[in-house]
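I have placed the structure first, in the form of structure tokens, so that the comments after it can refer back to it.
The values are calculated or read from the model by the stated rules, or taken from the named source; none is laboratory data. Note that the structure is a prediction, hence the values are computed from the model and not measured. Note that each Cβ is placed from the backbone with ideal geometry, even for glycine, and that neighbours are counted across all protein chains shown.
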Amino acid sequence: MQKLIMIKYGELTTKKGNRDHFINSLLNNIHNKLNGLDYKIQKDRARMYITSNEIDKIIEILKNIFGVHGIVIAYKINTNNIDDIKASALDIIKEKTFNTFKVVTNRALKEYPMDSMEISRVVGGYILSQLKNISVDVHNPDETLHIDLRSEGCFIYTNEVKGIGGYPVGIQGKGLLMLSGGIDSPVAGYLAMKRGISIECIYFESPPHTSLEAKNKVISLARKLCQYTNKVKIHVVPFTKIQETIYKVNASSYMITIMRRMMYRIAVEVAKKNNLKVLINGESIGQVASQTLESMSVINDVTNMPVIRPVACLDKLEIIDIAKKIDTYDISILPFEDCCTIFLPKHPVIKPILEKCIDIENRFNFEELIEEAVNNIEVISVTEDIYSDYKELL
């Protein structure tokens, strides 16, 4: 028997004409994440198979690759002879400690002379005849023995590790994540990647009003998102002059609304320059003043670029649960203010009027300020390796 890792695709198998493209994208993503390890990988339209002496390490990596639905340590026998299957199944399951079991067969090899139920009965009966003090329980067994009968051989396994599913990152193109440093936006980035969107990030900093610690916090969050991809670029926008100008023109309760409209305008410019197709953010309906339906409508009015809000209909506890799952929560709650919390009006408007926003924006030359900010963006390329980041100025 040959010990190997078997990967199940799940949702990718529904893609019909695009199936090969999706699977090849997944294969490339796996190769990228396993770079430096010793392994061999084979694929077909239903499974991938990895052989390696570093199986445990590879499984931990596969758990964070979108497009992987299930991961199992399987034993392959290069024959579909039922006697060989029975003997191998016994060798595998007798290493387990259990009182009850069942056998489940997947007969992908449809021309095999026995059907799935018959194979399961024959193998299960043989195990019962060879081991003492065990019984079959088809509803709630201690162990389930899986037999996957395919043209390339028979694969036998017990436990399956659940993958994170979704689509391979990059299959749907690229988007720009508005990464603020709070709890919501990293979760939004994670959920967008799960649907196959590769991300770059944009962060607005306002020194000296925001600190270097706040910037490093965002870099740390981006590094956490690198668990699910290889590299994440952060476009760091100098936003001080714009914020101070909005404050000086007496935007009052509209301060946050105008600021967000400026952020959207800048994000669109960055997205277009980098061939990014959508904006992504962590807005959750009704959570704060700028996220009421009226506010979102007025803010969104500055662009016709699609805006994806993956957490829009989740409540805060649901978002926090995902943040803890992807290990961004403890970073997000570090007490370093971002630019959205400075110059915050005492009573921000929750039902802004578009004409009022336009009137405030006519009080200063925001196009010039936006152009200056875009021309002075700093780009930080982040990977999981803390020592391999690099920066550049556009």
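Does any residue of the range 107-119 turn out to be within 32 Å of the chain's Cα centre (by Cα) and either at pLDDT 95 or above or outside any strand (DSSP E or B) (or both)?
Yes.
Could you check the range 315-339 and list, in sequence order, the residues that are buried (at least 16 other Cβ atoms within 10 Å of the Cβ) and β-branched (V, I, T)?
I319, I320, I322, I326, T328, I331
Only one of (1) surrounded by 22 or more Cβ atoms within 10 Å (Cβ to Cβ); (2) not assigned by TED's automatic domain parsing to the domain that holds S332 is not met by G153, so which one is it?
(1)
Here are the criteria: (1) over 25 Å from N35 (Cβ atoms); (2) within 17 Å of the chain's Cα centre (by Cα); (3) assigned to a helix (DSSP H, G or I). Tell me which single one L279 does not satisfy.
Checking L279 against (1) over 25 Å from N35 (Cβ atoms); (2) within 17 Å of the chain's Cα centre (by Cα); (3) assigned to a helix (DSSP H, G or I), the one that fails is (3).
For (1) crowded, with 16+ Cβ neighbours inside 10 Å; (2) modelled with pLDDT of 95 or more; (3) more than 21 Å from Y157 (Cβ to Cβ), each residue gets a yes or a no:
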{"position": "Q2", "(1), (2), (3)": "no, no, no"}
{"position": "G17", "(1), (2), (3)": "no, no, yes"}
{"position": "H31", "(1), (2), (3)": "no, yes, yes"}
{"position": "N78", "(1), (2), (3)": "no, no, no"}
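Residues are listed down the side, and each one gets a yes or a no for (1) part of a loop (DSSP other than H, G, I, E, B); (2) in contact (Cβ under 8 Å) with a residue 40 or more places away in the chain; (3) in the same structural domain as T229 (by TED's automatic domain parsing); (4) buried (at least 17 other Cβ atoms within 10 Å of the Cβ):
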{"residue": "C313", "(1), (2), (3), (4)": "yes, no, yes, no"}
{"residue": "F343", "(1), (2), (3), (4)": "yes, yes, yes, no"}
{"residue": "I358", "(1), (2), (3), (4)": "no, no, yes, no"}
{"residue": "D385", "(1), (2), (3), (4)": "yes, no, yes, no"}
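Pairs only if they're at least six apart or on different chains, beta carbon under 7 angstrom, first in the range 89-100 and over 12 Å from T144 (Cα atoms), second part of a helix (DSSP H, G or I); list them, first residue then second.
L90/Y126; L90/I127; L90/Q130
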